Amino acid sequence: MQRRNLLAAMAAAFLTGCSKIGESAWFGALVDGAESWHRGLHRGLGFGRIQMAPEFDRSEVSPFFRGNGNTEVDSDDYRAHLANGFTDWRFTVTGLVDNPLALSLAEMKALRQRTQVTRHDCVEGWSAIAEWTGPQLSEILALAGVQPGARYVVFRCADSFRQGPYYESCDMDDALHPQTILAHTMNGADLPELNGAPLRLRIERQLGYKHAKYLTGIELVTSLDDIGLGQGGYWEDHVGYQWYAGI
Amino acid sequence: MATQRKRHALSTRMWHWINLVSLVILFMSGLGISNAHRRLYWGDWGFDKADAWLHVPFFPGWMTIPSTYSLAQSRDWHVLFALVFAFSLAAFMLASVLNGHFRRDLTTRLADYRPAHVWADIRAHLKLKFEHAGSKFNFLQKVAYAKVIFILLPLMIFTGMAISPGMNAAFPWLLDLLGGRQSARSIHFLCAWALVIFMIGHVLLVLLSGPLKQMRAMITGGADDAAA
């Protein structure tokens, strides 16, 4: 009996210790360090080649593509765009670029397109496969002319959660990756509202929450410190998800 | 001989305790991550009840790190200690090849698998007789340790890597080997519980075979009776 009490006390002390450590600044720094170690390993183990996320055959597409996070956008502006087929929707490119852009969907569809069948992995653990079509982000960045100081791309979205609009960001390595596309078409049809109409990001080497939906534009910046709460994304700011979501 | 060889080398002892801490933290934070999506699937994809082969129970707060549900914090612990776990295992393996621990203590011969020999070893275990002359570990011990060190622990690392989309791009062959991301996730979960079963058996046998002497040997090194 005494031994059992001792064990229970040890377990409780361990859990309390863990939560104390979890709240400390040095543990946060350690976790950030681990995140960059993983990222470094992922990039390093490619040994210089362009690392492509696995692509699948069209026949392997899952029968339904689950929508997570926001599955509809609750704003009059968005409802109006949805009602008229997004003909007046503009995708803006701003920040550290030579030529700021405001592209219509028709203009984006007129660019060179990439179609890829890829697996979408939610941070929660589930996966789904779909076929995506859209212009490569690198193509749009080339049109806009990225200025030398730009280090990150910030993705702006039409949907909001309780603490503000959704947003995400990535570094130039992921921005210029061949599989990073702005998808307007899923499984051969217009992207449905559930999955981010009219445009969503596909950033295939990272988890689902990086794949920002309902895109209104991108912004090229030097630092993420002044964007949102400075952690690089809505969930990063508000629940502490890792900015590098390749793990 | 002036110096007697220790029962457990320093590298073995250091790894044993680092590994214990890593595994406990990885297991408990892993249960926290499991609570985020309590279904397991086979193949590349899966998200629906109908696709699942297993509905996983909700793990209560005393089993998880942190003790209140936070996928972000569970992942932080998991991602940090995954590195500690993997690199300490690699270092232990390298040291154990160099100092002869694997060759001397963990290799079995074909003759050891004769039914009569295996049966004798099982009978000795059931009678709680753990003394065995000639080598440090008996046959069942060698097989159990070798399976954990060379199969179960590496499988934890490789299935964990295969769940990571960044690693998928670096090592796409891992997914082909394991049968897809959701299969890798299922195997990761099963191996974690297999390790728990091993640990229960391991601790039980330590308790039955002179726990104080065993603990002392794993901390200070102890004296190597067999080599004396």
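State yes or no: is B:Ser11 among the small types (Gly, Ala, Ser), surrounded by 21 or more Cβ atoms within 10 Å (Cβ to Cβ) and over 20 Å from A:Ser127 (Cβ atoms)? Against the criterion (among the small types (Gly, Ala, Ser), surrounded by 21 or more Cβ atoms within 10 Å (Cβ to Cβ) and over 20 Å from A:Ser127 (Cβ atoms)), B:Ser11 does not qualify. In the stretch A:1-36, which residue that is free of Cβ contacts under 8 Å to residues at least 60 places away in the same chain and hydroxyl-bearing (Ser, Thr, Tyr) is nearest to B:Ala72 (Cα to Cα)? The extreme case among them is A:Ser19. Where helices (runs of 4 or more DSSP H) fall wholly inside the stretch B:151-228, the ranges with 3 or more residues that are touching a residue at least 60 places away in the same chain (Cβ under 8 Å) and of a type outside the set (Ser, Thr, Tyr) are B:153-163, B:181-208, B:211-220.
Name the residue, out of B:His16, B:His8, that is away from chain A (no Cβ under 14 Å), modelled with pLDDT under 95 and closer than 24 Å to B:Ala86 by Cα.
Details: B:His16 fails: modelled with pLDDT under 95.
Just a single option satisfies the conditions, and that option is B:His8.
Scanning the stretch A:85-106 for residues that are part of a loop (DSSP other than H, G, I, E, B), within 14 Å of chain B (Cβ to nearest Cβ) and out of contact with any Gly (no Cβ under 8 Å at 6 or more places or on another chain) turns up nothing.
Scanning the stretch A:1-49 for residues being within 11 Å of chain B (Cβ to nearest Cβ), surrounded by 10 or more Cβ atoms within 10 Å (Cβ to Cβ) and not small (Gly, Ala, Ser) gives a total of 19.
The values are calculated or read from the model by the stated rules, or taken from the named source; none is laboratory data. Source: prediction; values computed, not measured. Cβ sites come from the backbone with ideal geometry, for glycine too, and all protein chains shown count toward neighbours.
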